[in-house]
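For reference, the structure is listed below as C-alpha cells.
The values are calculated or read from the model by the stated rules, or taken from the named source; none is laboratory data. Predicted model, so just to flag it, every value in this text is computed and none were measured. No Cβ is skipped: glycine too gets one built from the backbone with ideal geometry, and neighbour counts run over all protein chains shown. Protein only, heavy atoms only, side chains kept; ligands, DNA and RNA dropped before computing areas. Shrake-Rupley method; radii C 1.70, N 1.55, O 1.52, S 1.80 Å.
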Amino acid sequence: FYTGASAPLFLMATTTIDLDTELSAVNNILGAIGQSPLTTLNFDNPEISFIYNLLRDANVDTQAEGWHFNTEKHVKFEPDGNGHIVIGNDIISIDFHDNQARRTYDFVRRDGKLYDKIDHTNNFSTVDSIDLDVVKLYPFEDLPVVFRRFITYRAAAAAATQLVANPNLVRLLTNQA
C-alpha cells in the first residue's frame, strides 16, 4: 500500500495463536465425539467431569514419561529440621543423579517425603543436601503447544473409546495421538 510519500509503506501483519486452555481442550474432545462446545467448565455435568478427568489423566501420563521441558537434573534438596526431605506433589518421579550407573540409593516418595528403600529410612539429617533428578508435573496451560495438542488427542481417543461405540472414530483419534 502506498502512503503518498517517496517510499511505499508495507504493513506487517503479526501472527498470534490462541493458546490451548483446559476449556478449549475439553471443547476439542467434545467436538471429536460429536458433542456441542461449552463456554465454561461446568463440573456439575457428569460427562464434562468425566472428559475433564480424561484430560487430566492424559496430562499426567504424558508428562510422567519425562520430557525435556519437565525433566531437571541435579536439583538440590535439603533436609528440614526433622531430617526429612519434603517432595512436593508437583514431582512425578525422583531418582538419585546417575543412579542408573551405580545403584546406591532407591528413592521413592512416601507420605510426601523422600524415602530410601535400601536404608529403610526417611531421615536424612546426616547429609547437607542431596542432588536428585526429577520429573515435574506442570499445569496444562504451561506446557509447550505440541504437548497440549498431543494430550488433547490422547484424551479424545480415550473419550471416544469409553463414550462412543464407533471403532472407526476411535481408530482415527488414536492415529492422531
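Hey, any hits in segment 75-88 for a residue that's closer than 20 Å to VAL60 by Cβ, open to solvent by 40 Å² or more (accessible area, probe 1.4 Å) and hydrophobic (A, V, I, L, M, F, W, C)?
no
Cβ contacts < 7 Å: first residue within 18 Å of ARG149 (Cα to Cα) and modelled with pLDDT of 90 or more, restricted to segment 29-58; second residue among the hydroxyl-bearing types (Ser, Thr, Tyr) and open to solvent by 70 Å² or more (accessible area, probe 1.4 Å), any location; separation 6+ or different chain. Result?
LEU30/SER36
How many residues does segment 30-46 hold that are more than 21 Å from ARG154 (Cβ to Cβ) and either surrounded by 15 or more Cβ atoms within 10 Å (Cβ to Cβ) or small (Gly, Ala, Ser) (or both)?
Here the count works out to 1.
Out of the residues in segment 52-73 meeting the condition of being of a type outside the set (S, T, N, Q) and open to solvent by less than 30 Å² (accessible area, probe 1.4 Å), tell me which one is farthest from VAL135 (Cα to Cα).
Result: LEU54.
If SER49 satisfies every condition in (1) surrounded by 15 or more Cβ atoms within 10 Å (Cβ to Cβ); (2) over 13 Å from the mean Cα position of the chain (by Cα) but one, which is the exception?
(1)
Of (1) within 17 Å of ALA160 (Cβ to Cβ); (2) β-branched (Val, Ile, Thr); (3) under 20 Å from the mean Cα position of the chain (by Cα), ILE33 satisfies all except one. Which?
Condition not satisfied by ILE33: (3).
Residue-wise test of (1) at pLDDT 95 or above; (2) among the aromatic types (Phe, Trp, Tyr).
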| residue | (1), (2) |
| --- | --- |
| ASP90 | yes, no |
| PHE96 | no, yes |
| ASN99 | no, no |
| PHE107 | no, yes |
| ASN122 | yes, no |
| ILE130 | no, no |
| VAL135 | yes, no |
| ALA159 | no, no |
| LEU163 | no, no |
